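Note sheet for the following structure.
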Amino acid sequence: MCSLALFPPPPAPGDLTLYEFNNALVSGHVYETLPLAFQDQLADLPVLTIPKETLKAHSRLEHSTKPAFIHHQETLWKRCLNAWRDVGMCGVLNEIANAEEADLQWMKTGSRWTLALCHWVSSLHGSLFPHLSLCSEDMIAEFSQAVDWAGCSIRAFAWHPHSSKFAVALLDDSIRVYNTNSATVPILKHRLQRNVASMAWKPLCASILAVACQSCVLVWHLDPTSLSTRPSSGCAQVLAFTGHSPVTSLAWAPSGEMLLSASPVDTAMLVWDVSTENCVPLQWFGGGGVTYLAWSPDGSKVLATTPSAVFRVWEAQMWTCERWPTIKGHCQTGCWSPDGSRLLFTVLGESVIYSLSFSEYSGEMQGQVGGSKTASIVADLSETTFETPYGEERIGGEVHSMVWDPRGERLAALIRGNPETPESRTIVAVFRTRNSPVFELLPCGFLQGEPGAQPQLIAFHPCFKKGALLTVCWSTGRISHIPFFFVSAQFPCFRPSHSPVVALSSSSASVREQPLFSEL
Amino acid sequence: MSSPGGGGSGGLNAGGFEWRRQRGSCCRDYEGRRRWGAASAAQVLGWRVAASIAWSILLLPLCTAVFISISSIDLFHPVQWISNSFNDWYTSYVIFCILLMSLVILIISIFNVEFYAVVPSIPCSRLALLGKIIHPRQVIHSVVHAIMGMLMAWCAAVMTKGKFQFLALPCTASESLDGAVQHMCLNEYHVFLLLSGAFMGYNYSLLYLVNNMNYLPFPIIQQYKYLRFRRSLPLLVKRSCVESLYLVRNICVAYYFFGYIPRAWISTTMDLHTDSKLHPLDTLTGLLDLSLLYHTWLCGIFLLITWHIAWLLFKIYATEFLALQDLMLLSQYSPVRRQEVFSLSQPGGHPHNWTAISKECLNLLSDLTQKLIMQQEAAATNGRVKQPSTGEVGRSLRSSEAAVTEEMAFQTQRSNVVSRAHVPSLVKSSLLPLKASSTSDLGSSFGSPFSSPALNRKAGILDLNSPWHGSVQSPHVMRRGPKLWTSSSDLQMTGSPQASFPVISVARVGNEAIQPSFIYTWLQNKQEQVRSFLSKRVLIMYFFSKHPEALIQAVFSDAQMHIWALEGLSRLVAASFTEDRFGVVQTTLPAILNTLLTLQEVVDKHFKLPHASSKPPRISGSLMDTSYKTLRFALRASLKTAIYRVTTTFGEHLNEVQVSAEHKKRLQQFLEFKE
């Protein structure tokens, strides 16, 4: 088992992690350049800073034309009709209960009682699933993969699966699309695009971006050849489903045919056929909702986590699922190995990484997920004190999000420090991984940004030629790219002997199979 | 353009499915799975149908029990209510009713089996819809469903008991006090329930036609049958309740106006009296009977739920697996079976499996391409759009052939011009099409009596001169003719050194063209008059006006098949990159790319037509599947994905594949993710 104690100490304060080369993370100042051979690899990747102050606040909070008109008292009957059209039955009851007319006393009491009853029933439901009592913004902040979703200027980040293009969702509900090959930066805005929790580019497609918003899923059809910086809202398809908001997670099938969307208030996750806007709800009661989705890169399985202490792994051919109860909190994040045979996940309240292996997938085993009986702990990330020349550093805690590079050689985990102790900080820990013949997890190092910057979101570039490229969004609004130069393990690999990691690898190579929980 | 809609819809649809099954089974045979031969395909379907009928009949007693409990609901005496309904379930007449209703369900299921189709039939105008409704097949369907509805209502009435149970009741009126002869009176409640059953049955049959309920839509994800059934059940119940509510309203209205007719008829034929003490039901007071409305509503729900369950189960069982779908799934999930596809035949070493599969898929796709071209040509000349380059699509279809044909056509024109033998007719033909095409569909303008003989003659010339013309290509090359000629005459006008030449010819045209064009303009005027006369009659236009949306839906009605072919083919090609040991796919790669890219161009062009909506209509969650309306969007998306799947797998290697320059450019765009 790998633990943080085996990691090299974090870089000196004031230094930035620049890149990995010769199996060691190199840190230094910004002006230090890359080794010559690799300079052209990163030359055109945009490094940006989007500070919070530059983003315009909402010009108007209310998205209706109501405030523009003078208030005019209508008859109760008319107001009820309007409320019915706008809000539904609940609105009518509210309207009657708050009516000023004196002659409808019995109706007023009746509607008041009904409303009270509704509130009581919903609070009963909420006591079963506490997250349902949150307002939708808090709920998104709770389940988003971003560390500080509510306060940071960057709310979501997504690399295009095939080309060097990424989308950034910002605090002001706009989305910017950066492309290495062109200078135009399209800014996407839409009336319904509020509180973006997640984004996903459609695979096997040039430029279709799905956006998880507060009330719906928006699918932007961007023209990759267009020079316009403000695509009209007509380019966006609105996928809405009653009872399915806020949407906190999206996942495209790797073959690009289907889109999955999940909401913490809906027990069903929706399978969308985006082109025809048809959807099939995959209902599975228990858990109270779905918070995070991860489709395995080979397309065979989907991880769906719930707000309670259970998560599910769906098999994507016949859509049956296996249920995995966890011991402590809900499953916070998870990521798949490239061949879909191994799932790494973390649980809220525990500072460890679990691994779950699945049997080889083939067409003959229809409707079976094929997970192993138990999950094993592969890394211990509990708080560790590092003695550095500059003082003591305390690092470790729960993992907030975790990404695995497309070749399965580097794993980045965003560790959120202990909130009680102010000196422990949020940091990105990077592991070296190998998936075959046996699974290995070796420490690589910590990533450090500018002074005062906390990592917010992490994502791997999907097709970086010379190794892996991790994009980190920092709390200062900076988006930086940290390359890991290595030769893929499929080829003969050169390993320098002076690295301290090699000595440790023999001890950590054997993964301790520790039964934690089982379905049976 | 052949649309599957229109008159002989039912037979055509069933035929469509037969055809598909046969095609599918040949695909399977080629894969070496001969146990799924064409003969067993029907057998497999037979078993599925039997299973679905068995399940719907097994579910019937359950529905009946629920119906009996709810119809005798008594909130004030719950214990008594529950025990009474328990006792009712075992009574002999309930058992008899269940047997009778099983028969009804069986007949309904047989109709489901007889009417299903995988290609929806979309009526393009209201007249076509009317034609479908009075088609004998549909009439039989409606009549049988009305009778079945009446039977169901009779069962419901008998099981409801109370005042609904019998058709005839002893009169309560005081005048029959003489005691000896007890007069029997007509129970109008019973009659009302029976009539509403018939009405609901007929209504079900109509909706079955209008909503294309016989169309088998294939779900976007595979799921187990039980899960699919469970998922649809709440929706089914909800929809049945709502629909029944509307039906009750309509029945009340109908009975209020026409109720006296059946009542009088029944009472005279069965020699029953009318109870003068009770309110007749075709009055407002009679109809505002809550118990009557409630029981009618319940009866409607019962009828609709049992029938919908039979329909749903049939749909779920029938759409489980089909050959082309199987091809798609095998290409996605099963490496072992993919290996069979890429294998060589044992003696001889020919890739028969791959050749057969790819040829089948490519034929399907190029059929679609040609259908789309025809439709676009028709639309482009329909007066809505006059696209400047109508022939461009055709050129890319078979670029080399088309180029040759065009050149031939061009030369033919030139030689004609130079020899001046046909000058008058050609001049005319260059003028006429503008008028002709603006008034009538060009597809028919050649055969129509209103087009000039000269035009026909010219078409004939072209046909003679260009033996390459297939049945499909000829129309649009013919249409290119006049335009080419005009441009070549311009060339002559400006480029010819003898300036007098054209003047003479034009003068001669003026003389010679008077006679035919006079007749022509007269006919033209007549036609215009008839048209304007007809178009002023609103009713006629109401029936004859074509819905552009319906036309487009009709073109893409069988697109599900093409989507599967696209997915299967592209996945196989993508898998061949690593799995194809003998390189059998490489040989067909240019053809596949050519077909895909051409189809892509045509589909793109199709979506740019002004009357084609570019976004799918909003669909609320309903039981009726409307996926046939949006198939074209699905096709567009999966076509693009298919091309990207091939290009991302092969990457730069595609530059080595032999394709035309235009397609090479297109491929490059796909490789750069700029499509």
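Laboratory data are not the source of any read-out in this text; all were calculated from the coordinates shown. Being a predicted model, the structure only gives us computed values, none of them experimental. So basically every Cβ, Gly included, is an ideal-geometry build from the backbone, and we count neighbours across all protein chains shown.
Could you pull out the trypsin sites (Lys or Arg not before Pro) across region B:272-364 that fall in loop regions by DSSP (anything but H, G, I, E, B) with no more than 15 other Cβ atoms inside 10 Å? Qualifying residues, ordered by number: B:Lys277.
Only lysines eight or more places from B:Lys359 in sequence, or on another chain, were considered; those with a Cα closer than 28 Å are B:Lys371, B:Lys605, B:Lys640, B:Lys664, B:Lys665.
Between B:Leu103 and A:Ser372, the modelled label-to-label distance comes to 6.3 nm, taking each label 7 Å out from Cα in the direction of the beta carbon. Taking the average, over residues, of other Cβ atoms within 10 Å as the packing measure, peptides A:261-269, B:289-297 rank A:261-269, B:289-297 from highest down. In this calculation the C-beta distance from A:Ala5 to B:Leu227 is compared with R0 = 56 Å, giving a FRET efficiency of 0.75.
This ranking places A:Arg85, B:Arg239 by how few other beta-carbon atoms lie within 10 Å of each, fewest first, which gives A:Arg85, B:Arg239.
Could you pull out the longest piece of chain A with no exposed loop chymotrypsin sites (Phe, Trp or Tyr not before Pro) in it, calling a site exposed if DSSP puts it outside H, G, I, E, B and it has at most 14 other Cβ atoms within 10 Å? Segment A:70-284 is the longest.
Given R₀ = 30 Å, FRET efficiency for B:Leu206-B:Asp271 by Cβ-Cβ distance, to 0.05? After rounding, the FRET efficiency stands at 0.30.
Projected label points at B:Ser660 and A:Thr385, each 7 Å from Cα along the beta carbon direction, are separated by 7.7 nanometres. With neighbours defined as other Cβ atoms within 10 Å of a residue's Cβ, the residues B:Tyr317, B:Tyr90 order from fewest to most as B:Tyr90, B:Tyr317. Which entries of B:Lys315/B:Lys629; A:Lys165/A:Lys373; A:Lys52/A:Lys165; A:Lys301/B:Lys225; A:Lys202/B:Lys546; A:Lys301/A:Lys465 show an alpha-carbon separation above 28 angstrom in the structure shown? Those over the limit are A:Lys165/A:Lys373; A:Lys202/B:Lys546.
For A:Glu137 and B:Gln43, a Förster radius of 51 Å and the Cβ-Cβ distance give a FRET efficiency of 0.30, rounded to the nearest 0.05. Backbone geometry of region B:235-242 corresponds, through the Karplus equation with coefficients 6.51, -1.76 and 1.60 at θ = phi - 60°, to 3J(HN,Hα) couplings of 5, 5, 5, 4, 5, 5, 4, 5 Hz, x marking Gly and Pro. Overall dimensions of chain A, expressed as equivalent-ellipsoid semi-axes from the Cα gyration tensor (√(5λ), whole Å, largest first), are 42, 27, 23. Label separation (B:Arg249 vs B:Ile70): 1.9 nm, computed from points 7 Å beyond Cα along the C-beta direction.
Could you name the lysines in cross-link range of B:Lys277, using Cα to Cα under 16 Å and dropping any fewer than eight places away on the same chain? Within the straight-line cut-off, B:Lys277 pairs with B:Lys163.
If both residues of a DSSP beta bridge must be in chain A, then about 95% of such bridges are antiparallel. A DSSP coil position with no more than 13 other Cβ atoms inside 10 Å describes the following trypsin sites (Lys or Arg not before Pro) in region B:538-585: B:Arg581.
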